[in-house]
Amino acid sequence: MMNRQRILMLLAAYAGIATMTVADSSAISMAATAAERITANAVSLDPDDPNYYKSFAPELAKTLARVPQLDPETGLFVEEVKPNLFYVTEGIYTSAFLKTGDGVVVFDAPPSFAHKLPEVIHQHAPGEAIKYLIYSHDHADHIGGASVFGGVEGLNVIAASGVVESISEESHRGFLPPTITFEQAYDLTLGDEVVELKTASFHSENVDLIVYLPRQKFVMAVDTITPGEAPFMNFGATADVGRYLKFFDEILKYDFDIILSGHVSLLGNRDDVLEAKEYAFDVNSSVLRGMETFLEQFNTTFEAFEYANPNLAYRVAIESVRRECSVEVIDKWKDRLSVVDVWADSHCQAMILYYIMH
Ligand SMILES: [Zn+2]
């Protein structure tokens, strides 16, 4: 509930920010607790600043224990995680390729390591031609290295028809134009292997893809979860939080035990998806509770501001809900997922904006 005392506290918090950034930070930092820290502010190198970088939690040991060791020579980690299915990462982005006995299928081409993929594929699938490249979605950070396969004769590039336009508009970014497109689903059988593609909508502005390999019990859904960690900013920078929330039940319908989600060096499993779902819905519940008093908080703040500057009053209401959500979520999740205190603010804020608009 918003009352005058609460408004005064909020105003004091703003005064604190101003004081901290302008002059004397020591008085503020003495009063600042972890719960008071406004983590959306700039991270600081100043030990007296409440947002001092060392005041953020280190990565959890259980997350670090899962991180694969990169080959110091190649700067990559490559592993046959299921029969004929190879997983590749340089520590930040991930992709995979499938050996079929009748050619190789490549899933995404992140520009950060795509130039190394032809050699890696040649090593692990000697004598097999690269026959298919599949785009998970139209974002350059996952497929902008495709042009390294530009000289591969007879290469088929598969994408959902909904991404063709944006890819052609951005052809300077290393994309290869798709040669096979489809509306909703596309099944590919090559050699001994089966690849099932289905369009979905959980991340990009256009169309996303769920890739499923039934024999390997493997799914790929890029920019969704980050195994071992809280999701990246704004829930994997999703274009629509509501669609992101629906993703979990959609992917859990598949019979899988490995998920490749495009980021962090870890491969995920079914438990990672269940955990990420629980986290996202905790943020959802917290924000829904906060939104019950959102207008009341705005009105009371606006009144306290003597009906001047409604934008600032709106910001106060958003930040109040965000702060309560962040504190609650960080407290509940800090021992379960890494980097919760880095991104929780953004998750709460993205959810608040979603509920303001829906
Ligand atoms: Zn993306």
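Every read-out reported here was derived from the displayed coordinates using simple, explicitly stated rules and does not represent laboratory data. The model shown is predicted, which means the values in this text are computed figures rather than measured ones. Please note: Cβ atoms are built from the backbone with ideal geometry, for glycine as well, and neighbour counts cover all protein chains shown.
Before anything else, pin down the relative contact order of region 62-222: Cα pairs under 8 Å, at least 6 apart, normalised by residue count, whole percent.
On the way: 315 pairs, mean separation 26.4, N = 161.
Computed value for region 62-222: 16 percent relative contact order.
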Requested in this report: Search the structure for amide H atoms under 5 Å from the amide H of residue 133, placed 1.01 Å from N in the peptide plane, and list their residues when 5 or more places away or on another chain.
Outcome: 106, 156, 157, 158
Report task. Would you list which lysines come within 26 Å of residue 116, measuring only between C-alpha atoms, while excluding same-chain residues fewer than 8 positions from it? Result -> 82, 99, 131
Query - Calculated FRET value between residue 237 and residue 215, using beta carbons and R₀ = 25 Å, to 0.05 - result: 0.20
Query raised in the report: Counting pairs of alpha carbon atoms under 8 Å apart in space and at least six apart in sequence, what relative contact order in percent does the chain give?
Result: 15 percent
Report task. May I have the extent of the alpha carbons of region 62-222 along their three principal axes, as whole Å values ordered from largest to smallest? Result -> 39, 33, 32
Report summary line: To the nearest 0.05, the calculated FRET efficiency linking residue 296 and residue 246 through their beta-carbon distance, R0 being 22 Å, is 0.15
Report summary line: Residue by residue through region 205-211, the couplings from Karplus 6.51 cos²θ - 1.76 cosθ + 1.60 with θ = phi - 60°, in Hz, x for Gly and Pro, are 5, 9, 10, 9, 10, 10, 9
Query raised in the report: Can you work out the FRET efficiency for the pair residue 161 and residue 336, with r the C-beta to C-beta distance and R0 = 45 Å, to the nearest 0.05?
Result: 0.70
Report summary line: Once phi for every residue in region 94-110 is put through the Karplus expression 6.51 cos²θ - 1.76 cosθ + 1.60 (θ = phi - 60°), the whole-Hz ³J(HN,Hα) values, with Gly and Pro written as x, are 9, 8, 8, 9, 10, 8, 10, x, 10, x, 9, 10, 10, 10, 6, 9, x
Query raised in the report: Where does region 53-96 land on Rg/Rh, using Cα atoms and the Kirkwood Rh?
Result: 1.10
Query - Rg and Dmax [Cα atoms of the chain; Å; Rg one decimal, Dmax integer] - result: 23.3, 76
Query raised in the report: What ratio of Cα Rg to 2.2 N^0.38 Å holds for region 188-289?
Result: 1.08
Report task. Report the label-to-label distance for residue 140 and residue 187 in nanometres (one decimal), using points 7 Å from each Cα along the Cα→Cβ vector. Result -> 3.7 nm
Query - DSSP beta bridge pairing in region 62-222, given as percent antiparallel to the nearest 5 - result: 75 percent
Report task. Starting from the amide H of residue 175, placed 1.01 Å from N in the peptide plane, find each other amide H under 5 Å away whose residue is 5 or more places distant or on another chain. Result -> none
Report task. Step through the residues of region 137-142 one at a time and calculate ³J(HN,Hα) from phi using the Karplus curve (6.51 cos²θ - 1.76 cosθ + 1.60, θ = phi - 60°), rounding each to whole Hz and writing x for Gly and Pro. Result -> 6, 9, 8, 4, 5, 10
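Order these peptides, 73-80, 137-144, by their mean beta-carbon neighbour count within 10 angstrom, highest first. Provide the component values of the computation, followed by the final result.
Values: 73-80: 14.1, 137-144: 23.1.
Ranked by mean Cβ neighbours within 10 Å, highest first: 137-144, 73-80.
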Query raised in the report: Which whole-number percent gives the relative contact order of region 201-288, counting Cα pairs below 8 Å spaced six or more residues apart?
Result: 32 percent
Report task. May I ask you to list, by number, the DSSP H helices of the chain whose Cα span along the axis is at least 20 Å and whose average Kyte-Doolittle hydropathy reaches 1.0 or more? Result -> 4-22
